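The values are calculated or read from the model by the stated rules, or taken from the named source; none is laboratory data. This structure is a prediction, so every number in the text was calculated from the model and none was measured. Because the Cβ atoms are built from the backbone with ideal geometry, glycine has one as well, and the counts that use them run over all protein chains shown.
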Amino acid sequence: MKLTITARNMSVSPAITKRIEKKTETMGRYLWPETEMQIKMRKEKNDRRIVEITVPMGKNVILRSESSADDNLFLAIDKALAKMERQIRKHRTKLGKNLREEAFAEVPEYIEEGDLGEEEGRKVVKHKTFPVRPMSVEDAIIEMELLGHSFFAFVNIDTERTNVLYLRKDGNLGLLEPEA
């Protein structure tokens, strides 16, 4: 996870940066390493400290939390990060529930092994149909992780074509996109 810390009317000390990094380590298990978390801190005229945290989670989802405290920046940081962690967990749980509800909405049709005919070499021993929903690549990555599969088929919102996302042997992801 990438952290961007900015401050207005105050300076960001190494102690503040260290505290934020320590508190955000637990959130790293819910987010992709390339996810950017923006933390904005400001001091108002009445010595009130305000902390705003913004995390873009996908194409249409932006999580935001804000907290303030009188003359205690660490308290404001802790409260804002706790709110953000609850929002991230809630968002991931919501994705998981939606995925589980739709996973078996349509009963898959299976073809028995003997119905496929005899061919040389490898043969198809199982056939399964499943619903394919339009979504962004980021959402497909999240759903693939939630399922625990090594691949995931989806309709890409940007191209309106069926894509396959897969886990490579080196641990990275690959995306198969058909040509016209």
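Select from region 169-179 the residues that are farther than 18 Å from E143 by Cβ and either part of a strand (DSSP E or B) or not small (G, A, S) (or both) and list them in ascending order. If the condition is that a residue be farther than 18 Å from E143 by Cβ and either part of a strand (DSSP E or B) or not small (G, A, S) (or both), then K169, D170, P178, E179 are the ones that fit.
Residues checked against (1) within 24 Å of V61 (Cα to Cα); (2) in contact with a strand residue (DSSP E or B) (Cβ under 6 Å, 6 or more places away or on another chain); (3) at pLDDT 85 or above:
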| position | (1), (2), (3) |
| --- | --- |
| E101 | yes, no, no |
| R133 | yes, no, no |
| V164 | yes, yes, yes |
| D170 | no, no, yes |
| L176 | no, yes, yes |
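Name the residues in region 8-32 that are out of contact with any strand residue (DSSP E or B) (no Cβ under 7 Å at 6 or more places or on another chain) and over 17 Å from M84 (Cα atoms), would you? Passing the criteria: S11, S13, P14, A15, I16, K18. The residues of region 50-96 that are in a loop (DSSP other than H, G, I, E, B) and within 17 Å of V12 (Cα to Cα), listed by number, are D71, N72. The sole residue among R29, R48 that is closer than 23 Å to L173 by Cα and free of Cβ contacts under 8 Å to residues at least 24 places away in the same chain is R29.
With respect to F130, is the statement that it is assigned to a loop (DSSP other than H, G, I, E, B) and either under 23 Å from K94 (Cα atoms) or of a type outside the set (A, V, I, L, M, F, W, C) (or both) true?
Spelling it out, F130 is indeed assigned to a loop (DSSP other than H, G, I, E, B) and either under 23 Å from K94 (Cα atoms) or of a type outside the set (A, V, I, L, M, F, W, C) (or both).
No other residue among I16, I39 is among the β-branched types (V, I, T), outside any strand (DSSP E or B), in contact (Cβ under 8 Å) with a residue 24 or more places away in the chain and surrounded by 17 or more Cβ atoms within 10 Å (Cβ to Cβ) apart from I16. Which residue is farthest from L95 (Cα to Cα), if the candidates are limited to region 146-165 and must be of a type outside the set (A, V, I, L, M) and crowded, with 16+ Cβ neighbours inside 10 Å? Per the criteria, the residue is N163. Filtering region 83-97 down to residues that are in contact (Cβ under 8 Å) with a residue 12 or more places away in the chain and closer than 27 Å to R133 by Cβ, which residue is surrounded by the fewest Cβ atoms within 10 Å (Cβ to Cβ)? Selected residue: R89.
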